[in-house]
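Asks: Before anything else, here's the structure in question.
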Amino acid sequence: MSDIRGEKRVDLGDTVVARLESHGERFEILVDPQKAWDFRRGKDIDLSEILKSFNIFEDAHKGRRATEEKLLKIFETTDVDKIARTILKKGFIQLTTEQRREMLNNKRLQIVNILARNCINPQTGLPHPPARIERAMEEAKVPIDLWRSPEEQAKDVLKMIQQIIPIRMEQLKIAVKFPPEFSGKGYSMVQRFGTVSKDEWLSDGSWVAVVEIPAGLRGKFVASLNNQNREKAQVKFLKD
């Protein structure tokens, strides 16, 4: 954002204000909302990715910057990085109604995708379509926490929707064998889907491995494997 002076009001766009009030004074910075909250929760993010303006304001909407005298009085420094860190950690981070709605929707979709990827219907052994999981979340009136990560919330959401649909989180162990002409491509493909727990290159150039993948990816894994290897790869689903 360009340097702004005077009383002209600022169109903040997708940027939000983080504000700290102390000793009767107000200090504001312009930030990316999600990255600001990730930083506040302890994630290591460079301030250059968070701050939309390297200025400390008294009123960001009007573009009125805080004086050095006030910065020294409250923060005992004029260093923007140090002051911004204090505001991010101790201040209030503002969101517009539309930004909050959009962030909640994005967070909900991330949770749905995590569950669709990692869970199956234990009655059929097949993954649930994302739309079915989303309907179950709506029926269970699942609350979405704007500031907790999707991964943290997914397990709580799973417990709630288990009252609505049969679903459980599961990892699959799969043994695969690729013939020599497809071993290189097979190795790359397997690593995109999951974690290789055991592998071995055979004397004829074939590659064999045991791979663990999220249960919801079973169909995509087999389809990708067959597509890339012309159905010459051998696959066996293992039981613990």
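Asks: Assess whether I29 counts as being among the aliphatic types (A, V, I, L, M), in contact with an Asp or Glu (Cβ under 9 Å, 6 or more places away or on another chain) and in contact (Cβ under 8 Å) with a residue 12 or more places away in the chain.
Replies: When the stated conditions are applied, I29 does not pass them.
Asks: Moving on to the next point. Inside the range 100-118, can you point out the residues that are open to solvent by less than 90 Å² (accessible area, probe 1.4 Å) and within 11 Å of L146 (Cα to Cα)?
Replies: Across the range 100-118, the qualifying residues are M103, L104, N105, N106, K107, R108.
Asks: Related question: Working only within the range 150-199, note down all residues that are part of a strand (DSSP E or B), open to solvent by less than 20 Å² (accessible area, probe 1.4 Å) and not aliphatic (A, V, I, L, M).
Replies: Scanning the range 150-199 gives a single hit, F178.
Asks: Quick one: how many residues across the range 212-238 are among the β-branched types (V, I, T) and either assigned to a loop (DSSP other than H, G, I, E, B) or over 19 Å from A116 (Cα atoms) (or both)?
Replies: So the answer is 1.
Asks: Suppose we filter I29, I56 for residues that are modelled with pLDDT of 95 or more and closer than 29 Å to N105 by Cβ; which single one remains?
Replies: Exactly one of I29, I56 is modelled with pLDDT of 95 or more and closer than 29 Å to N105 by Cβ, namely I29.
Asks: As an exercise: evaluate I74 against (1) in contact (Cβ under 8 Å) with a residue 24 or more places away in the chain; (2) assigned to a loop (DSSP other than H, G, I, E, B); (3) out of contact with any Pro (no Cβ under 7 Å at 6 or more places or on another chain) and give the number of the one condition it does not meet.
Replies: If we test I74 against (1) in contact (Cβ under 8 Å) with a residue 24 or more places away in the chain; (2) assigned to a loop (DSSP other than H, G, I, E, B); (3) out of contact with any Pro (no Cβ under 7 Å at 6 or more places or on another chain), just (2) comes out false.
Asks: From the list I45, I50, pick out the single residue that is under 24 Å from R148 (Cα atoms), open to solvent by less than 10 Å² (accessible area, probe 1.4 Å) and touching a helix residue (DSSP H, G or I) at 6+ places or on another chain (Cβ under 7 Å).
Replies: After applying the criteria, what remains is I50.
Asks: Can you tell me how many residues within the range 213-223 are of a type outside the set (A, V, I, L, M) and surrounded by fewer than 16 Cβ atoms within 10 Å (Cβ to Cβ)?
Replies: Residues flagged as of a type outside the set (A, V, I, L, M) and surrounded by fewer than 16 Cβ atoms within 10 Å (Cβ to Cβ) within the range 213-223 amount to 2.
Asks: Report, ordered by the first and then the second residue, all pairs with beta carbons closer than 8 Å, sequence separation of six or more or different chains, a first member in the range 181-194 that is closer than 20 Å to G219 by Cβ and without any contact (Cβ under 8 Å) to a residue 40 or more places away in the chain, and a second member that is in a helix (DSSP H, G or I) and among the aromatic types (F, W, Y).
Replies: The qualifying pairs are F193/F221; G194/F221.
Asks: Here is a follow-up. Check whether at least one residue in the range 124-137 is open to solvent by 90 Å² or more (accessible area, probe 1.4 Å), assigned to a helix (DSSP H, G or I), free of Cβ contacts under 8 Å to residues at least 60 places away in the same chain and not basic (K, R), and report yes or no.
Replies: no
The values are calculated or read from the model by the stated rules, or taken from the named source; none is laboratory data. Only a predicted model underlies this, so the values are computations on that prediction, with no experimental measurement involved. So basically every Cβ, Gly included, is an ideal-geometry build from the backbone, and we count neighbours across all protein chains shown. Side chains included, ligands, DNA and RNA excluded: accessible areas come from the protein's heavy atoms. Shrake-Rupley method; radii C 1.70, N 1.55, O 1.52, S 1.80 Å.
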